[in-house]
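Just so it is clear, none of the values below were taken in a lab; they were calculated from the coordinates. Bear in mind that the values here come from a model prediction, so they are computed numbers and not experimental data. All Cβ positions, glycine included, derive from the backbone under ideal geometry; neighbour counts span all protein chains shown.
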Amino acid sequence: MPKAKVNICVLVSGGGTNLQALIDAQNGGIIKSGQIKLVISNKSDAYALVRAQNAGIATAVVSKKELGQQGMEDKISSLIKQNGIDLIVLAGFMCILTSDFTREYDHRIINIHPSLIPSFCGEGYYGLRVHEAALAKGVKVTGATVHFVNEIPDGGEIIMQKAVTIPDGSTAESLQKRVMKLAEWRILPLACEKVSQKILKEEI
Ligand code: GRF
């Protein structure tokens, strides 16, 4: 019998506002082809874990500090297999995954990046640095991108983008909040649903 829903695992490291957007979208029926089954954090004190627990979602902590890169990836892989996960969503996950891992999950890992790729992306562009670079360049429009994850940092196929104007007088902090609110929290759930539908239809 074909699967009714795609099982989603969300990987996090911090506050988890993108995870919250996914949980809200699931409750609000925007994500209907998938269900968040597991949240994995590389940090035991990530507030994202509290958000998951409040929503009744299973959690796990996989520390790169304790296990090393290979150990961390092996642990994530075994959790993914144990839980029958079909789609991995990186939502503010601050660890790089090796090409061995990304190849094993080709077209099964998506990431949200807070700029319009190919601008301000790749190695070293994370967190506030992305917005600092956009402001330093003086661009008037930025945004967010959801893309498949491959061995090239922020280099996988683009799934969805949303543009956000940059008001005069923006700071990196104010721009980060604006991009999250107007772009990230909107397109991540939509992209999740889109990819889940494709997985169910065996199109990818
Ligand atoms: C977001 O800006 C996301 O684009 C980036 O990390 C941040 C995560 O924030 N990759 P949160 O943990 O979802 O609140």
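Quick notes on this one:
- Computed 3J(HN,Hα) for the range 173-189, one whole-Hz value per residue from the Karplus formula 6.51 cos²θ - 1.76 cosθ + 1.60 where θ = phi - 60°, is 5, 5, 5, 4, 5, 5, 5, 4, 5, 8, 10, 4, 5, 8, 7, 4, x, glycine and proline marked x.
- For the range 111-151 versus the range 50-64, the gap between their alpha-carbon centres in whole angstrom: 27
- Legend: calculated FRET efficiency, residue 106 to residue 5, from the Cβ-Cβ distance at R0 = 25 Å, rounded to 0.05, equals 0.75.
- Of the GluC sites (Glu not before Pro) in the range 72-131, those whose Cβ has at most 15 other Cβ within 10 Å and which sit in DSSP loop: 123
- Total formal charge among the other residues, if their Cβ is under 14 angstrom from that of residue 181, Lys/Arg +1 and Asp/Glu -1: +1
- If you take all other residues with their beta carbon under 13 Å from the beta carbon of residue 156, and give Lys and Arg +1 and Asp and Glu -1, the sum is -2.
- Farthest toward positive dipole pole in the range 1-132 [+1 Lys/Arg, -1 Asp/Glu at C-beta], among 23, 117, 62: 23
- Mean ellipticity per residue at 222 nm, deg cm²/dmol - from DSSP H runs of n ≥ 4 across the chain, formula -39500 (n - 2.57): -11500 deg cm²/dmol
- Cα gyration tensor category, rounded, prolate or oblate, for the range 5-94 with a/c compared to 1.5: oblate
- Stokes-Einstein D for the range 107-174, Kirkwood Rh over Cα pairs, 20 °C, 1.002 mPa s (µm²/s): 175
- Between residue 77 and residue 204, the FRET efficiency estimated from the beta carbon spacing at R0 = 25 angstrom works out to 0.80.
- Kirkwood Rh in Å, taken over all unlike Cα pairs in the chain: 17.1
- In terms of other Cβ atoms within 10 Å, 97, 135 run from fewest to most in the order 135, 97.
- For GluC sites (Glu not before Pro), the sites in the range 145-182 that DSSP calls loop and that have at most 11 other Cβ atoms within 10 Å are 157.
- FRET efficiency estimate (nearest 0.05) - Cβ-Cβ, residue 141 to residue 66, R0 45 angstrom: 0.60
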